[in-house]
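Asker: Here's a structure for you.
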Amino acid sequence: MIALARRAVEAASAAGASDAEAYAVEDSGREVRVHGGEVESLSAATQRGVGIRAWIGKRVGYAYGTDLSEAGVRALAERAAEAARVADEDEFAGPPDSSAAPPDSSAAAVRLMHADGAKGAPEAAGGLSDPTLGEWSPDRLAELALVIESAALAADSRIAGVEQAVYADSAESVALVSSLGIEGEYSSSSCYGYVQALAEGEEGRETGLGFDLGRGPAALDPAAIGREGAERAAAMIGAGKPRSRTCPVVLDPTVAASFIALIGRGLTASAVQRGRSPFAERLGDEIANQVLALHDDGLDPEGFASAPFDGEGVPRRRTALIESSALHTYLYDTYTANRDDAASTGNASRSGYRSQPSASASNLVVAPGELSFVELLGEADDGVLVTDVAGLHSGVNPVTGVFSVGASGRVIRDGELAEPLREFTIASDLVSMLRAVRAVGADSRWVPFGGSVKTPSLLVGEMTVAGS
Amino acid sequence: MSELIDAEVAKRVLAAALANGGDFAEVFAERNAGLTMAIDESRVEAVQAGAAAGAGVRVISGATTYFSHVDGLDPDDIERAAGEAAAALRAERAEPRPLIATRTTPLSIEVAPAAVPAERKAELLRELDERGRGAGAEIAQFTASYAEVRREVSVANSEGLFSGDDRTRVRIGAQAVARRDGAVETGAETLGAHRGFELFDHDPGSIADDASRKALTLLDAGPAPAGSMPVVVGGGFGGVLFHEMTGHGLEADHIQKGASVYVGKLGEQVAQPLLSAYDDGRLPNEWGSDAIDDEGVPTQKTRVIEEGRLTAFLYDGVTARREGAAPTGNGRRESFRHLPVPRMTNTYIAPGDAEPEAMIAEVQRGFYAVSFAGGQVDPATGDFVFGVSEGYLIEGGRVTRPCRGATLIGNCLEALAAIDAVGADFEMKTGVCGKAGQRVPVGTGQGHVRIRAMTVGGTEV
C-alpha cells in the first residue's frame, strides 16, 4: 500500500502539483444476515482504492479511484490536478509538514500497543487489530449471528420475531504519503453485531435494538445482544404518550451518544469558522454543568476511530473539550488550524479513500460519574427516560443548536421506571442541555451511531417534552 | 449497451457462480464517474473527481444469498468473485440458461455533464452564490453544491436476462444562513434530475433565491406549538411524508418479515377514498427514474393506493420469487458493492380536487408544514418523525406566523387514515433515501395534503 501511495504522490507532482498527498486503503469485509433460523445473506469483499489531494499553489483538488494500474494512477493524479485548477485560491490551503508527525508515530503506537486491550481482545493484539479475525470462517460467523437471533427469541415470550440479526466485520490497511515527507501505515480491524427484535403487543408491534462491538468476534457477546434487543422491544408494549410539559429527562447511553456526536460536530473548527456552530466564540466560557467532562480521544484502544495518525498524517491524541464547565478547544485539522493560527489536534478524518480529510471528532468520550443507572433514576424522581430518538439529522438546527426530535422511552415516577412512552418529542438546544446536565451515570458504553462515542446515561434537569 | 462485460464473460461468470449449485445467479457490473464541487465563503472549493468500476456476483440457494464483489472489470477477477460467492455451497453444479440480450432505452441526456468544462460548473456555483447573497443584507452565509454522476450498468442472470442501462444525474443545492441580532436561521433548496447539464438552462439561480427567502422568513419565527392539531402539509417536498409513512412500509422485504404495519392490509381501506398514490420509475427524466432496476427488470408505474384501498407492494427479485409475485422493478442498489433490496423510485400522492387556500381556511388552530429537513420511520411500528424546515402557525383559518424548530410525529396508519383533503396542486422534488446502509436517489411528490390531527413537537406547551 505504501508503494502505491508513493507512486500516486510522484504522479501528482508530474501532473503539475506543487504538493501532493495520497491515502491508500485496502479493506476486506464480511457480513452475515440471518432471519428465521437461516442465513439470509453472506457477503465477502475486498476493495482497494486511493485518493489523491493535489495542491497547486494555494488551490487544492481531490480525485479518487479504484484503477491502481500505472496508467490508472497517472490519470487519477491528472484529475486531482485539474480539480485543483478549478478551485479558487485559499490562503490557508496546504498540507501538514513532517514536523507535525514524529518519524514513526512511535508515541501513539506505544500507547495503542500496550494499553489494556479491548474487552476480550487477545493479549497479543496489536491494539487496533484482532489477529484472530481471519480464523473465523463464514460458517462460524453465521453461527454467531444465529445465536443473536435465537437469544432474542428466547428472551421474552412476547417476542414475535426478529426483523434481522447481523454480524459484520472489516479489516483495513491504510497508507499515507505526502510530498512533504510524511509516511505512515497501520492496520486495524473492527466488528459489530446487532439485532432488531419485534415484540407483539395488543396495539401492534414494537421494535428493539440490541448491539455490541469490538475488534473481533471474540469480543462480542451474541446472547447479550439478542437479550438487549428483546428487552427493549418488549418494554415498549402498551406505550402511550406523555403529558406535554417541562421535566427532568434521563438519556440512556445510546441516546446520549447521539447528542454527544452532534455536539462533537459543533466543536469542530470548520463548523465554528464557518459560523455553523452553537459553540462559536465560546472558548473559555461556561458551557456545561461541571459534572460533565468531554474528551476527544484518538488513541483509546477500544475506539473505532483510533489510529496512530489522522487522515493527513498528523498524530492522533487525547484532547480535553469540556472540563470544569469550560470549553477548552475546538477540533482542528491542518487547514482549520492554519486559519486560526493554531496547531492541528490530529482531527483530520476521512471515511475511506473516497473522501478528502476534514476536521471531525475521532472518539468522543464522556467521563463516567458515580451514580448507577438506578440511582440516576432516583435523582430524576419524576420525569422521562429516553431510550430512542429519531429524526436527529433533520430536527436539529446546526447553527443555533435548537432541536426538537422524536423520542420513545419510559415514565420515571418516584425515581422508578413506570409505563412505556412513544410518539413524543424532546426539545431544547445543545448548550442549554449541556448546562442542564445534573448528573452523569457510571454505565458507560461504546455507541457507533453517527460517530464513535463512549458515554454513560445522562440526567438532564429540564427539557420540553411534547406528547398529548 | 452491455459493453461493460460481454456475453461470453457473463456466461463464464454465471457458470462459475453455479458450480456448487444454487437456484439463481447474477452478475452486476458497473462503471461510474462523478464530479462534485461546492462554493463556501464565496470561494469555489472541495472540487472532487471520483471514478470506480467493479462487479458484484450473487448466488441464491433456498433462502440464502451468497454475495461477493470485486473492484475492476477484469474478467478473471469477476470469475474469481463468482467462485468466492459459490464457495460455501455444497450441491451439484447447476446450468444457467442461455443469455438473451434485451435492448433498453436509457433516459435521454442532451448535454453530457462530463463534456461541459469544469469551469462552467464553477461559474454556476458563483451565480448561485451571488443570487443567494443578494437576497438581503441579513444573509450572513451562503453555500451551494454541484454534483454530477454517470453510472453505466450491465446485468446478466442465470434465467437468461442480459440487459443494461446508462444513467446520468445532476443536482445542485443551496443553503443560506440569515442572521438578525441573536436570531440565526437556515434555508435550503435543491434541484436535480436524471438528466444532463440542460437541466440548468432555465434559471437554476432560483434555488438560491428560495433558500435565502426561507432563511429570511424564519428570522421572524416564534416558537413552534406543541400538542395535537390539524396539519396542512405543503406540496412537492411534503411528499417525503408519504414516502416515509407509507412507502417504506410497502417494501416487500418489510412485509415478508412482518416488520410493517401494512402486513395483511392488501385490499383494505387504509385511507379515505380521496387518496390515490403511485410509485413510478418511468417518469421521464425524474430524479428517481431509470430504464431498468438494478436487477434488469424494466421500471414500471405501480398503483399502491387506489381511492384509499391498499393495492400493491413493491418487490425486488428475491421477495417476488418468495411469494410468486411479479417483480415491480423496485430492486435497487447503491452500487456493485451492495445487494439489491426493494426500494421506492418516484413515489407520490396523485393530485386531488381541494384548493390549498380552502384547506387552510377550514383550520381554526393548526400547523402548516411547507417543507421538511428530513424524516424517519420505523416500518415495523409505523412510528415516524419529521423535522420541519419551514413551518407556520394557522390561526382562525389564516397562516399567521413562521415557527422554528418544529417536529411532526405520529403513526403511519393513523396519519394516513386522517388525511381529509388532497390538493389539486402537484409538484415533484428530489431526495436521497437511506435503507440497509445504501443511499439511492428517490423522487417524492404531492399537492397540499391535510391531516386532521397530528402531534407537533415544539417548545410552546
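The values are calculated or read from the model by the stated rules, or taken from the named source; none is laboratory data. None of the values given here were measured: they were computed from a predicted structure. Note: ideal-geometry Cβ built from the backbone for every residue, glycine included; neighbour counts use all protein chains shown.
Asker: Can you work out which of the residues in the range B:9-29 that are buried (at least 24 other Cβ atoms within 10 Å of the Cβ) and within 30 Å of B:GLU148 (Cβ to Cβ) is farthest from the other protein chains (Cβ to nearest Cβ)?
Answerer: B:ALA10
Asker: Which residue is nearest to A:GLU163 (Cα to Cα), if the candidates are limited to the range A:35-66 and must be at pLDDT 95 or above and of a type in the set (D, E, K, R)?
Answerer: Applying the filter and picking the extreme gives A:ARG53.
Asker: If you check A:PRO420 against the conditions, is it part of a loop (DSSP other than H, G, I, E, B) and touching a strand residue (DSSP E or B) at 6+ places or on another chain (Cβ under 7 Å)?
Answerer: In short, no.
Asker: Report whether or not B:GLY391 is buried (at least 24 other Cβ atoms within 10 Å of the Cβ) and either in contact (Cβ under 8 Å) with a residue 60 or more places away in the chain or within 14 Å of chain A (Cβ to nearest Cβ) (or both).
Answerer: When the stated conditions are applied, B:GLY391 passes them.
Asker: Another question, if that's okay. Look through B:THR246, B:THR168 and report the one residue that is farther than 22 Å from B:GLN446 by Cα, more than 14 Å from chain A (Cβ to nearest Cβ), under 23 Å from the mean Cα position of the chain (by Cα) and crowded, with 22+ Cβ neighbours inside 10 Å.
Answerer: B:THR168
Asker: If you scan the range B:395-419, which residues turn out to be surrounded by fewer than 24 Cβ atoms within 10 Å (Cβ to Cβ), of a type in the set (A, V, I, L, M) and more than 11 Å from B:MET454 (Cα to Cα)?
Answerer: B:VAL399, B:LEU413, B:ALA417
Asker: Another question, then. Could you list, in sequence order, the residues of the range B:10-25 that are closer than 22 Å to B:ILE292 by Cβ, in contact with a Leu (Cβ under 9 Å, 6 or more places away or on another chain) and of a type outside the set (Lys, Arg)?
Answerer: B:ALA10, B:LEU14, B:PHE24, B:ALA25, listed by residue number.
Asker: Is it true that B:LEU413 is at the interface with chain A (Cβ under 10 Å from one of its Cβ atoms) and either within 26 Å of A:ALA390 (Cα to Cα) or assigned to a loop (DSSP other than H, G, I, E, B) (or both)?
Answerer: So B:LEU413 passes the test.
Asker: Is it the case that the range B:428-449 has a residue that's touching a Pro at 6+ places or on another chain (Cβ under 8 Å), part of a strand (DSSP E or B) and over 23 Å from B:ARG343 (Cβ atoms)?
Answerer: No: zero hits.
Asker: So if I check each of B:ALA174, B:ALA115, B:ALA135, B:ALA144, which one is closer than 30 Å to B:PRO298 by Cα, modelled with pLDDT of 95 or more and small (Gly, Ala, Ser)?
Answerer: B:ALA115
Asker: Among (1) more than 25 Å from B:GLY238 (Cβ to Cβ); (2) of a type in the set (Asp, Glu); (3) away from every other protein chain (no Cβ under 14 Å), which single condition is B:ASP181 missing?
Answerer: (3)
Asker: Given the criterion touching a helix residue (DSSP H, G or I) at 6+ places or on another chain (Cβ under 6 Å) and within 14 Å of chain B (Cβ to nearest Cβ), identify the matching residue among A:PRO248, A:PRO278.
Answerer: A:PRO278
Asker: With the structure loaded, tell me whether B:ALA373 is part of a loop (DSSP other than H, G, I, E, B), within 7 Å of chain A (Cβ to nearest Cβ) and not charged (D, E, K, R) or whether it fails that test.
Answerer: No: the conditions fail for B:ALA373.
Asker: Can you tell me which residue within the range A:142-162, out of those that are crowded, with 24+ Cβ neighbours inside 10 Å and under 26 Å from the mean Cα position of the chain (by Cα), is nearest to the other protein chains (Cβ to nearest Cβ)?
Answerer: Selected residue: A:VAL162.
Asker: Please specify each residue of the range B:297-339 satisfying the condition of being touching a residue at least 60 places away in the same chain (Cβ under 8 Å), in a loop (DSSP other than H, G, I, E, B) and closer than 27 Å to B:LEU199 by Cβ.
Answerer: Once the filter is applied, which keeps residues that are touching a residue at least 60 places away in the same chain (Cβ under 8 Å), in a loop (DSSP other than H, G, I, E, B) and closer than 27 Å to B:LEU199 by Cβ, the range B:297-339 yields B:ASN330, B:ARG333, B:GLU334, B:SER335, B:PHE336, B:HIS338.
Asker: Let me ask you something else. Go over the candidates A:ALA44, A:ALA14 one by one and state the one that is under 26 Å from A:GLU82 (Cα atoms) and small (Gly, Ala, Ser).
Answerer: A:ALA14
Asker: Inside the range A:260-275, can you point out the residues that are assigned to a helix (DSSP H, G or I) and of a type outside the set (Val, Ile, Thr)?
Answerer: The answer is A:ALA261, A:LEU262, A:GLY264, A:ARG265, A:GLY266, A:ALA269, A:SER270, A:ALA271, A:GLN273.
Asker: Can you tell me which residue in the range A:250-276 is surrounded by the most Cβ atoms within 10 Å (Cβ to Cβ), limited to those that are farther than 16 Å from A:PRO456 by Cβ and in contact with a Leu (Cβ under 7 Å, 6 or more places away or on another chain)?
Answerer: A:LEU267
Asker: Which pairs have Cβ atoms under 6 Å, sit 6 or more apart or on different chains, and link a residue in the range B:41-63 that is more than 7 Å from every other protein chain (Cβ to nearest Cβ) to one that is of a type in the set (Phe, Trp, Tyr)?
Answerer: Hits for this filter: B:ALA55/B:PHE336; B:GLY56/B:PHE28; B:GLY56/B:PHE336; B:ARG58/B:PHE67; B:VAL59/B:TYR66; B:ILE60/B:PHE24.
Asker: Determine whether A:VAL453 is away from chain B (no Cβ under 12 Å) and in a strand (DSSP E or B).
Answerer: Here the answer is yes, as A:VAL453 does meet what is asked.
Asker: Look at A:GLY208 and say whether it is more than 30 Å from A:ALA12 (Cα to Cα), among the small types (Gly, Ala, Ser), in contact (Cβ under 8 Å) with a residue 60 or more places away in the chain and buried (at least 21 other Cβ atoms within 10 Å of the Cβ).
Answerer: Considered against the rule, which asks whether it is more than 30 Å from A:ALA12 (Cα to Cα), among the small types (Gly, Ala, Ser), in contact (Cβ under 8 Å) with a residue 60 or more places away in the chain and buried (at least 21 other Cβ atoms within 10 Å of the Cβ), A:GLY208 comes out as no.
Residue-by-condition table, conditions (1) farther than 21 Å from B:GLY431 by Cα; (2) modelled with pLDDT of 95 or more; (3) surrounded by 19 or more Cβ atoms within 10 Å (Cβ to Cβ); (4) of a type in the set (A, V, I, L, M):
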position	(1), (2), (3), (4)
B:ASP279	no, yes, yes, no
B:ARG282	no, yes, no, no
B:ALA291	no, yes, yes, yes
B:VAL297	yes, yes, yes, yes
B:GLN300	no, yes, no, no
B:GLU306	yes, yes, no, no
B:GLY329	no, yes, yes, no
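Asker: Listed residues A:SER18, A:SER99, A:SER69; which is surrounded by fewer than 23 Cβ atoms within 10 Å (Cβ to Cβ), closer than 22 Å to A:LEU180 by Cα, of a type in the set (Gly, Ala, Ser) and modelled with pLDDT under 95?
Answerer: The unique qualifying residue is A:SER99.
Asker: Need the failing condition index for B:ASP209 against (1) in a strand (DSSP E or B); (2) closer than 15 Å to B:ASP129 by Cα, just the number.
Answerer: (1)
Asker: Collect the residues in the range A:358-399 that are closer than 25 Å to A:THR345 by Cβ and surrounded by 22 or more Cβ atoms within 10 Å (Cβ to Cβ), keeping them in residue-number order.
Answerer: Within the range A:358-399, A:ALA359, A:SER360, A:ALA361, A:SER362, A:ASN363, A:LEU364, A:VAL365, A:VAL366, A:VAL396, A:VAL399 meet the criteria.
Asker: From the set of residues in the range A:390-402 that are at pLDDT 80 or above and facing chain B (nearest Cβ under 7 Å), which is farthest from B:SER389 (Cα to Cα)?
Answerer: Among those that are at pLDDT 80 or above and facing chain B (nearest Cβ under 7 Å), it is A:ALA390.
Asker: Among the residues of the range A:358-389, write down those that are closer than 30 Å to A:ARG339 by Cα and more than 14 Å from every other protein chain (Cβ to nearest Cβ).
Answerer: Residues satisfying the conditions are A:SER360, A:ALA361, A:SER362, A:ASN363, A:LEU364, A:VAL365, A:VAL366.
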